[in-house]
1. Suppose the chain between Thr538 and Ile392 were pulled fully straight at 0.36 nm per residue; how much longer would it get relative to their current alpha carbon spacing?
2. Extending each Cα 7 Å along its Cβ direction at Asn595 and Ile61, get the distance between those two points in nm, one decimal.
3. Tally up the carbon and sulfur contribution to the accessible surface of segment 427-492 as a whole percent, 1.4 Å probe, everything protein left in place.
4. What whole-number value in cubic angstrom gives the convex hull volume per residue for the C-alpha atoms of segment 127-195?
5. Quick check: pseudo-label points 7 Å beyond the Cα along Cα→Cβ at Ala54 and Ile424, how many nm apart are they?
6. Starting from the Cα gyration tensor of segment 443-507, take the square roots of the eigenvalues, sort them a ≥ b ≥ c, and report rounded, prolate or oblate (rounded when a/c is under 1.5, otherwise prolate if a/b is larger than b/c, else oblate).
7. For segment 451-556, what is the relative contact order in percent, using Cα pairs closer than 8 Å and at least 6 residues apart in sequence?
8. For the pair Ile295 and Val369, what calculated FRET efficiency results from E = 1/(1 + (r/R0)^6), where r is the Cβ-Cβ distance and R0 = 30 Å, to the nearest 0.05?
Amino acid sequence: MCEFNEFLIEKNNKFRINTIANVSECPQIKYVITLDSDTNLILEAGLELVGAMAHILNEPILDKHKNIIIDGHGLIQPRIGIDLISSRKSIFTKIYAGSGGTDLYANAISDIYQDNFGEGIFTGKGIYDLKVFHKILSNEIPENTVLSHDLLEGSYLRCGLATDILLIDGTPSKYNSYILRASRWIRGDWQIIQWLGSKIKIKSGNKKTNPLNMLSKFKILDNLRRSIIPATVFLGLLLSIFLKLFTNINIWVIVAVCLVAYSFSSILDVLNYIIFKKGKDTRFIYAYKSLKPNISSIKASILRGLLEISFLPHKAYISINSILKTIYRITISKTNLLEWLTAEEAEKQAKADLISYYKFMWINIVFGVLGLIFGIFTNQLLAIIIGSTWVIAPALAWEISKDIKKSVPIEQITQKDKEYILEIGKKTWQYFKDNINEKNNFLPPDNYQEERKNKIAERTSPTNIGLSMLAIISACDLKYIKTEETIKLLNKMLETITKLQKWNGHLYNWYNTKTLEPLIPRYISTVDNGNFIGYLYTTKNFLEELVIAKTDSYDIQVILQMIKTINDIIKNTDFFVLYDSKKYLFSIGFDVEQNKLTNSYYDLLASEARQASLIAIAKKDVPVKHWNSLSRTLTSLKKYKGLISWAGTAFEYLMPNINIEQYERKPFR
């Protein structure tokens with residue numbers, strides 16, 4: 001990082017691979033945002049970080065004598081959440097990672113360091129003042145000696161913690177990669193032990209007075225304390241066994257203290273749950289069941305406590321091994337101090353079979369067998385239980401680390417049902433094939449009614465147009481039509497769409513399919529245009545896949561022009577004109593005849609307008625705050641909980657799901 005900062009400020013390029021061909025083209029940079037490879041900088045988080053750093057109260061004040069920030073902040077650490085997909089990848093992540101995703105109700109959370117001392121702990125993901133960082137740290141930390149430099153950087157630059165700004169991070173999905181990451185962290189924590197002293201060695205090799213304050217030293221010491229907990233608890237259990245063998249002391253008090261201390265957080269969660277249940281207000285209805293099976297927070301906490309006890313010998317071994325290895329490398333070998341492997345790389349390289357887990361956790365087997373022998377010969381049931389748990393722990397680790405296989409619905413139906421569905425699909429496609437033609441300007445009629453004189457309704461809407469494009473793509477995927485015909489139909493539809501009259505880029509609610517004129521009264525529907533643009537994105541993805549595949553079925557230049565047309569339509573469709581900035585909500589639409597927004601609003605998440613909200617936010621037509629303003633009011637039925645909608649229809653809940661990815665345990669899955 002110091003070399004990177006030097007490159008940005010002094011244009012001195014020490015990198016073997018040049019990311020910027022002409023260094024003089026590098027712009028003047030004020031702040032740098034630093035992320036891990038598996039960290040997601042979610043929408044607007046970057047701007048929020050810049051805003052926090054630029055705030056006058058956060059301006060860093062430098063102590064020139066100590067060369068350290070004493071007020072304000074030289075860097076800011078946001079709150080870190082767990083990626084939603086990562087948190088559902090295995091049973092292990094379901095237990096250890098929590099619910100995942102964003103929490104709308106935790107805009108700012110309490111932190112003991114930030115709340116009481118005005119500074120937090122830097123974990124490597126955040127924003128820093130480039131010149132301040134360079135001035136303070138460019139000649140401070142010796143080269144190739146510190147693996148985990150985050151805590152030191154946060155201490156020198158007085159890290160601020162902004163818990164109302166969120167970044168999303170990945171998490172290991174397997175026990176072996178999880179424990180290897182913990183080993184790396186322990187080694188990094190013990191490598192900075194010299195900063196607990198009064199003197200430190202700097203980059204030049206000289207010694208200077210340690211500028212860190214007592215709070216920063218306490219943070220370092222607290223990390224060291226945390227790293228030895230598994231080892232001390234395990235040694236406490238071993239000590240109790242020796243005492244039992246050679247004395248008459250009641251060792252179970254020692255065993256109980258060790259196990260309670262080790263699983264204290266789980267015990268607190270259970271106590272809190274019990275107290276909360278007793279204190280429930282009988283005036284309210286409590287729905288604790290979810291429509292999708294999941295591991296509740298209290299179940300996850302209990303399971304974590306039990307698993308931690310079962311993994312104890314291995315975690316103690318990893319802790320002791322990491323500490324001793326670090327001390328040896330610091331004091332004797334002076335090599336491999338920067339040895340590390342990312343959790344992602346560790347996960348790819350780690351063997352995932354049962355035998356490999358037993359080899360990896362051999363220490364569990366050794367002490368598990370010894371525990372069983374001790375329990376059998378001393379007639380101690382608890383020792384037998386703990387010993388048995390340690391022996392089967394590798395199997396538990398292997399089982400919970402397996403990726404959860406997602407069932408594919410189409411694979412669960414019989415061949416006869418598949419044939420039936422494909423037949424229905426072909427008949428349904430026939431409607432679009434018969435009616436998306438030159439006679440209707442390649443637009444889909446709204447409906448067909450046998451009993452009516454004019455059986456075909458000569459009108460269409462934005463949703464109809466968008467869905468018909470998906471119907472054409474689906475027909476191609478199902479081999480009802482060839483790729484050439486698919487491209488021709490989509491191209492003809494796009495040509496017609498570009499001719500249609502629009503309002504701020506939006507399509508009117510109804511058009512005559514013969515004349516292409518908007519029907520009176522002219523109206524702009526938020527839902528319909530949200531659907532239309534959403535379906536255009538899907539169509540664009542389909543066309544891009546054809547380009548990547550370099551299909552010979554049609555002129556690539558034609559496809560590229562179609563993609564450009566779609567991009568232009570999306571860009572020119574302005575959703576902000578349908579948005580109420582005071583309410584942070586979308587109106588149901590704009591009445592062109594009266595020249596005003598309709599005074600009714602989509603204020604529920606369980607709404608057919610959900611896709612329009614996502615599209616508008618993704619296009620940056622409206623702020624992210626709009627999404628947070630959508631009500632998530634819950635209702636209950638037989639202890640099951642779910643989101644309410646205005647009419648309780650499948651249209652509200654499921655219509656946006658046509659082309660919006662759905663995640664496990666989320667309300668609309």
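1. Length gained, Thr538 through Ile392: 47.7 nm.
2. 5.6 nm
3. Within segment 427-492, the accessible surface is 46 percent carbon and sulfur.
4. 118 Å³
5. 5.5 nm
6. Because a/c hits 1.5 or more and a/b fails to exceed b/c, segment 443-507 counts as oblate.
7. Reported as a whole number, the value is 35 percent.
8. 0.45
The values are calculated or read from the model by the stated rules, or taken from the named source; none is laboratory data. Quick caveat: nothing in here was measured; it's all calculated off a predicted structure. Neighbour counts are summed over all protein chains in view; Cβ atoms, including those assigned to glycine, are modelled from backbone coordinates with ideal geometry. The accessibility values were calculated without ligands, DNA or RNA, using every heavy atom of the protein model including side chains. Shrake-Rupley method; radii C 1.70, N 1.55, O 1.52, S 1.80 Å.
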